[in-house]
Amino acid sequence: MITSLAHLTPHSTTYSLSILHHRDIPRYRRNIQSKRTIMASFSAAASSDLLEAAKHTVDNYVTSDMVIGLGSGHASNLAIQHLGQKLRQGCLTNILGIPTSVASASVATKAGIPVDKYEDNMQIDFAFVDADVVEEGTLAAVIGRRKIEGDESIIEEKCIMRTARNLVFMVNEKQYTKHADGSIPVLVKTGNWLEAAEEIDDLFLGDAEVWRRPTHGHADPLGGNFPLVTKEGHYVLDVIFTSPILDLAEVAKTLDEIDGVVNHGVISGIDCTAIVASTTGIIVINNLSKLHS
């Protein structure tokens with residue numbers, strides 16, 4: 001059983017400065033400082049948990065002479081650094097990394113891991129990545145919520161994940177959930193993007209909002225004056241669910257059938273493992289029995 005982390009915010013208790021008596025100000029300041037300390041402690045604990053997940057992933061799934069898909073995100077960066085350390089120590093040899101982002105390529109280079117660009121039909125032995133969310137039981141996952149930099153590609157990242165013989169999603173316990181929430185990035189053709197957006201909006205009416213992702217500035221349904229265009233020439237629509245997503249695979253199937261949709265951030269129906277960073281330790285879950293039963 002996974003126990004959720006307590007959720008505290010700096011605004012759990014608030015005061016109105018306009019009505020504070022001068023004698024209460026020191027107490028107010030101590031209260032705010034205390035909450036900041038608590039939040040910093042939770043952040044440090046979460047980072048420590050992810051470090052253990054990252055180390056477990058590298059130590060248990062990576063062997064010498066592997067081509068490895070290097071994922072993106074905090075846990076992936078920690079795994080890349082740990083992988084580089086094992087290479088420097090001579091515990092591993094002949095490793096080639098295939099980065100999924102500019103950030104992971106930079107971390108890998110600094111860690112001393114040889115890297116190369118992904119090419120079609122490339123054989124990848126193992127891949128790891130931070131998932132934005134992983135669906136409990138099926139291990140269907142969402143990727144791509146992060147800001148896309150340079151020539152990064154959700155399509156390419158999914159290809160690396162699907163091509164890998166073994167795949168690990170690294171998440172914290174809040175991201176491993178029965179009913180996913182948040183957004184799903186959807187890649188659409190630029191020519192008829194508005195029609196695709198309207199169809200998505202109609203299909204998930206009342207359950208989601210559809211916004212075109214901008215390169216910078218404030219986001220809005222039309223993506224402002226600077227809509228993001230991927231290296232393949234597509235717009236990114238963020239389908240922001242306001243209700244829990246009951247079945248990620250079903251949502252993916254629905255999106256695949258919409259004219260103008262090229263791809264999306266849902267990965268489902270493949271053999272994979274979730275490494276969940278829990279306050280009580282590392283939880284390892286795979287979906288092999290689910291997919292092949």
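Report the Cα centroid-to-centroid distance between the range 192-266 and the range 82-143 in angstrom, as an integer. After rounding, the separation between the Cα centres reads 27 Å. Placing one equal scatterer on every Cα of the range 120-168 and applying the Debye formula, the log10 ratio I(q)/I(0) at q = 0.24, 0.28, 0.30 Å⁻¹ is -1.00, -1.18, -1.23.
So for THR138, THR273, what's the accessible-area order with a 1.4 Å probe, most first?
THR138, THR273
With every protein chain left in place, what is the accessible area per residue of the range 230-275 in square angstrom, probe 1.4 Å?
Computed with neighbouring chains in place, this is 39 Å² per residue.
Over the range 41-144, what is the relative contact order in percent, taking alpha-carbon pairs closer than 8 angstrom and at least six residues apart? Averaging sequence separation for qualifying contacts and normalising by length gives 29 percent for the range 41-144.
Note on HIS74 and ILE270: with the Förster distance fixed at 35 Å, the Cβ-Cβ geometry gives a FRET efficiency of about 0.90. What the range 59-136 shows is 44 Å² of accessible area per residue, with the surface traced by a 1.4 Å probe over protein heavy atoms. Solvent-accessible surface of protein heavy atoms, probed at 1.4 angstrom with all chains present, puts ARG213, ARG162, ARG145, ARG88 in the order ARG88, ARG162, ARG145, ARG213, largest first.
Counting only protein heavy atoms and using a 1.4 Å probe, the accessible area of SER106 comes to about 50 Å². Largest first and in whole Å, the equivalent-ellipsoid semi-axes of the range 135-293 read 28, 17, 16, each the square root of five times a Cα gyration tensor eigenvalue.
Within the shell of other residues whose beta carbon sits under 13 angstrom from the beta carbon of THR163, the net charge comes to -3, with Lys and Arg scored +1 and Asp and Glu -1.
Annotation: amide H-H contacts under 5 Å for ALA140 (H modelled 1.01 Å from N, sequence separation of 5 or more, or interchain): GLU135.
Length available on full extension from SER64 to TYR118: 0.36 nm per residue minus the Cα-Cα distance, which gives 17.5 nm.
Each Lys and Arg contributes +1 and each Asp and Glu -1, all at the Cβ; summed about the Cα centre of the range 119-158, the dipole is approximately 200 debye. Solvent-accessible surface of protein heavy atoms, probed at 1.4 angstrom with all chains present, puts GLU232, GLU119 in the order GLU119, GLU232, largest first. Averaging Cα coordinates gives a centre for the range 174-189 and one for the range 50-74; these two points are 23 Å apart. Placing +1 on the Cβ of every Lys and Arg and -1 on the Cβ of every Asp and Glu, with nothing else charged, gives the range 122-217 a dipole about its Cα centre of roughly 300 debye. Put a dot 7 Å past the Cα of SER48, heading toward its Cβ, do the same for LYS231, and the two dots end up 3.8 nm apart.
The values are calculated or read from the model by the stated rules, or taken from the named source; none is laboratory data. Worth saying up front: this structure is predicted, and the values here are computed from it rather than measured. All Cβ positions, even for glycine, are placed from backbone atoms using ideal geometry, and neighbour counts span all protein chains on display. Side chains are part of the model used for accessible areas, which takes the heavy atoms of the whole protein and leaves out ligands, DNA and RNA. Shrake-Rupley method; radii C 1.70, N 1.55, O 1.52, S 1.80 Å.
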